[in-house]
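Here the structure is laid out as structure tokens; the discussion comes afterwards.
The values are calculated or read from the model by the stated rules, or taken from the named source; none is laboratory data. What you see is a predicted model; the values in this text were computed from it and never measured. Quick reminder, even Gly has a Cβ in these numbers, built from the backbone with ideal geometry, and neighbours come from all protein chains shown.
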Ligand SMILES: Nc1ncnc2c1ncn2[C@@H]1O[C@H](COP(=O)(O)OP(=O)(O)O)[C@@H](O)[C@H]1O
Ligand SMILES: [Mg+2]
């Protein structure tokens, strides 16, 4: 099949790298003709709100999907009218708006932190009184890698926080004192077959994911079951087709759902070598309406993100068991330019590999 992917970043690139062995070919819609996915398919260069580019992109596609969720609703509707598209508009709309997302989780019976919508400094001050401090102010839309966020330690931080996010509509959330962060990657096929991969335990610094291990180690069996069940419920309630990820805080009171992504996710990159079928391959299978592959673990797995630039490439390649994934991006501070995966027969070997990799990566 000819698969169209809206967005040509590293996620699109890895979707194609998984789909090509199955006999599919790929076309991307991206503003940058030299985007990371250009190495693995053709690129229609254009903005996500450019109707002419969208028509050229959709022409002759068998199916279309997204590697990027912040696509205007009009683009999604137009694309759906031209070609079978997955996931659907609902999955994207819920994930694009942090308030809708939290309300959706709550409606699914999934625990969320206290939150309120705020659209002025006065509203922020009032919400701060109800939600309490510390709290996190986040732009409703378009946030990623911790961008568009400010932490309020006390009500005195209201003016500075409001300025820091640029005075746009926001959500104020209670700060969650978590023991660890986990995510669950789920996939759902058109026929309703839904599967999850092993729980991912994630470490963020500066709002950016640094490392993942799977299965998660610091989460009890009950919390783990709760997280896996919640992600599956989200996929089912959305009628989602394809991969989605739900991020959780593991707190003393149980798991708290933080946000979701209606697409393949950075915390699932370990599945390339660490699972029988990767998140990327199962996403392609779901979108192309083919049977899903096993999500079973091959062994304790890990991933270290490369942020800013690819350091000491030869050293990384020399680590036994390490698998380098270089996205072919220009170096830039804070930018995800690659990751290194490892998968071992036992967790101690995996941990030793991760230590060596992180020693090379630094930071
Ligand atoms: N309410 C919160 N309480 C504690 N930590 C938070 C909270 N919100 C965000 N964080 C921290 O910031 C990271 C990024 O925030 P997130 O909401 O996932 O936004 P995004 O990934 O879209 O930038 C989280 O993974 C977590 O480490
Ligand atoms: Mg996040």
Every residue in segment 157-168 that is within 16 Å of ligand 1 (Cβ to nearest atom) and in contact with a strand residue (DSSP E or B) (Cβ under 7 Å, 6 or more places away or on another chain), please.
161, 164, 165, 168
Is it the case that residue 209 is out of contact with any strand residue (DSSP E or B) (no Cβ under 7 Å at 6 or more places or on another chain), in the same structural domain as residue 334 (by TED's automatic domain parsing) and buried (at least 17 other Cβ atoms within 10 Å of the Cβ)?
no
Yes or no: residue 255 away from ligand 1 (no atom under 11 Å from the Cβ), buried (at least 19 other Cβ atoms within 10 Å of the Cβ) and part of a strand (DSSP E or B)?
yes
In segment 213-245, residue farthest from the chain's Cα centre (by Cα) [restricted to those that are part of a loop (DSSP other than H, G, I, E, B) and surrounded by fewer than 22 Cβ atoms within 10 Å (Cβ to Cβ)]
220
Would you say residue 264 is surrounded by 24 or more Cβ atoms within 10 Å (Cβ to Cβ) and either part of a loop (DSSP other than H, G, I, E, B) or out of contact with any helix residue (DSSP H, G or I) (no Cβ under 8 Å at 6 or more places or on another chain) (or both)?
yes
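Going by the conditions given, is residue 248 within 15 Å of the chain's Cα centre (by Cα), in contact (Cβ under 8 Å) with a residue 60 or more places away in the chain and more than 15 Å from ligand 1 (Cβ to nearest atom)?
Taking the combined requirement at face value, the residue does not satisfy it.
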Of all strands (runs of 3 or more DSSP E) completely enclosed by segment 289-363, which ones contain at least 2 residues that are modelled with pLDDT under 95 and surrounded by 21 or more Cβ atoms within 10 Å (Cβ to Cβ)?
none
Taking segment 16-48 only, how many residues are over 19 Å from residue 283 (Cα atoms) and out of contact with any helix residue (DSSP H, G or I) (no Cβ under 6 Å at 6 or more places or on another chain)?
12
Of those in segment 180-212 that are modelled with pLDDT under 95 and in a loop (DSSP other than H, G, I, E, B), the residue farthest from ligand 1 (Cβ to nearest atom) is 206
Applying the selection to segment 13-41, what residues are touching a residue at least 60 places away in the same chain (Cβ under 8 Å) and outside any helix (DSSP H, G or I)?
24
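A quick yes/no check of all residues on (1) touching a strand residue (DSSP E or B) at 6+ places or on another chain (Cβ under 8 Å); (2) free of Cβ contacts under 8 Å to residues at least 24 places away in the same chain; (3) away from ligand 1 (no atom under 14 Å from the Cβ):
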residue	(1), (2), (3)
101	yes, no, no
105	yes, no, no
122	no, yes, yes
133	yes, no, no
146	yes, no, no
150	yes, yes, no
155	no, no, yes
